[in-house]
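Notes follow the structure.
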Amino acid sequence: MEQDKAKEIIDRNGRRHRFPPALNLDYVLKEGRVQTRSLEAHIVDHCNLSCAECCSLSPLLPKWFASPEELQRDLAIASSFLAPTVFKLVGGEPLLHPQIATMAKIAAESAIAPRISLTTNGLMLGQMEDDLWRYLDAITISLYPKPELPESLIAQAEEQAAHFSVELNWKDQSQFVVMNRNSRRADESETSAIFNRCWLRERCHMIRNGTFYTCTRSPHMQTLGGSDGSFSEDGYSLTSPEASADGMLTYLRREHALEACAYCHGGDAKMAPHRLLPRSELRQLKGRSALRRDGIARPVVRKA
Ligand code: SF4
Ligand code: SF4
């Protein structure tokens, strides 16, 4: 029913996209690895912007970087089970990583995917060393109404991309999906229905610390406040002795909703104009206690 509302979007590169995209759970197992669309590692949790409704909850998360060793370990283990078409370095803002070129090199030299991409708000792109461009196949740059990227920076990025044969994808982010809920949804069957039609569960696969997640929301909600670990149970541990490609397939096709879905509107979320959180609102949201039932920090609210 929700799929009928899909619209066609033409991006800055003239490419056509369907939004929201269709959900496709027809995963194929080939040579012992599950073929998937993409895999992300969020190598920085924080960001230099504070967008309201940030899907990664970055404005609320503490400063954090993945180490090169951690990324290397995660990619080595993930490549035993998964064969994504593209691997993405994501954040937060990944260009805040002090060793971003090393992280890109590790990804490029791993066996994880034939294509390495980076997703950024682009603000720091002009400061990046050539090495970063050398190790990437593509960069997706989110374009927000505010702050607008200077034309000079866009021109510089296009020049660098042409020089290093990197594909640039410009992504209009003037509208955001309002995914966070005010409180934990009590109706388990509704949560389950939302999960089972949510396109993000197929397109937002993430690895962190040896665990694979079908949706990036769970590990970020865990960082935000799930001290009892229930959001991390949303993932599939690749370091467990029981881990297998068949187990991964079963996990990817599961019908049982994630704990994170109880705090999320998923693919049913409404759209709202992009806005940056004013400092006072951000301070207020950050200051809220884990047990308060209001604000974006609501994923920390445990089951009643
Ligand atoms: S730029 Fe991206 S990661 Fe940063 S706050 Fe905005 S949506 Fe979140
Ligand atoms: S409903 Fe939310 S938490 Fe659940 S899979 Fe979709 S986006 Fe992720």
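Residues being farther than 22 Å from residue 48 by Cβ, of a type in the set (Gly, Ala, Ser) and not in a strand (DSSP E or B) are entirely absent from region 89-105. Taken over region 47-80, the residue count meeting the criterion of being within 14 Å of ligand 1 (Cβ to nearest atom), in contact with a strand residue (DSSP E or B) (Cβ under 6 Å, 6 or more places away or on another chain) and among the charged types (D, E, K, R) is 1. Can you tell me which residues in region 16-62 are away from ligand 2 (no atom under 16 Å from the Cβ) and closer than 21 Å to residue 243 by Cβ? If the condition is that a residue be away from ligand 2 (no atom under 16 Å from the Cβ) and closer than 21 Å to residue 243 by Cβ, then 28, 29, 30, 31, 32, 33, 34, 35, 41 are the ones that fit.
Residue check: residue 165 meets all listed conditions (1) more than 16 Å from ligand 1 (Cβ to nearest atom); (2) crowded, with 16+ Cβ neighbours inside 10 Å; (3) polar (S, T, N, Q) but one, namely (2). Give the residue that is nearest to residue 91 (Cα to Cα), with candidates limited to residues of region 192-203 that are more than 7 Å from ligand 2 (Cβ to nearest atom) and not in a helix (DSSP H, G or I). Out of the qualifying residues, it is 199. Taking the numbered list (1) in contact with a strand residue (DSSP E or B) (Cβ under 7 Å, 6 or more places away or on another chain); (2) surrounded by fewer than 15 Cβ atoms within 10 Å (Cβ to Cβ); (3) modelled with pLDDT of 95 or more in turn, residue 38 passes all entries but (2).
Looking only at residues of region 81-102 that are in contact with a helix residue (DSSP H, G or I) (Cβ under 9 Å, 6 or more places away or on another chain) and away from ligand 1 (no atom under 16 Å from the Cβ), we find that the one that is farthest from residue 25 (Cα to Cα) is 99.
Of the numbered criteria (1) buried (at least 21 other Cβ atoms within 10 Å of the Cβ); (2) small (Gly, Ala, Ser); (3) touching a Pro at 6+ places or on another chain (Cβ under 9 Å), the one residue 52 fails is (1).
Yes/no matrix, rows are residues, columns are (1) over 22 Å from residue 112 (Cα atoms); (2) under 15 Å from the mean Cα position of the chain (by Cα):
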{"residue": "211", "(1), (2)": "no, yes"}
{"residue": "216", "(1), (2)": "no, yes"}
{"residue": "225", "(1), (2)": "yes, no"}
{"residue": "236", "(1), (2)": "no, no"}
{"residue": "242", "(1), (2)": "no, no"}
{"residue": "248", "(1), (2)": "no, no"}
{"residue": "254", "(1), (2)": "yes, no"}
{"residue": "258", "(1), (2)": "yes, no"}
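For region 165-179, a residue qualifies if it is more than 16 Å from the chain's Cα centre (by Cα), among the hydrophobic types (A, V, I, L, M, F, W, C) and under 20 Å from residue 147 (Cα atoms), and the qualifying residues are 168, 170.
The values are calculated or read from the model by the stated rules, or taken from the named source; none is laboratory data. Since the model is a prediction, treat every value here as computed from it, not as a measurement. FYI the Cβ positions are ideal-geometry reconstructions off the backbone, even for glycines, and counts take in every protein chain you see.
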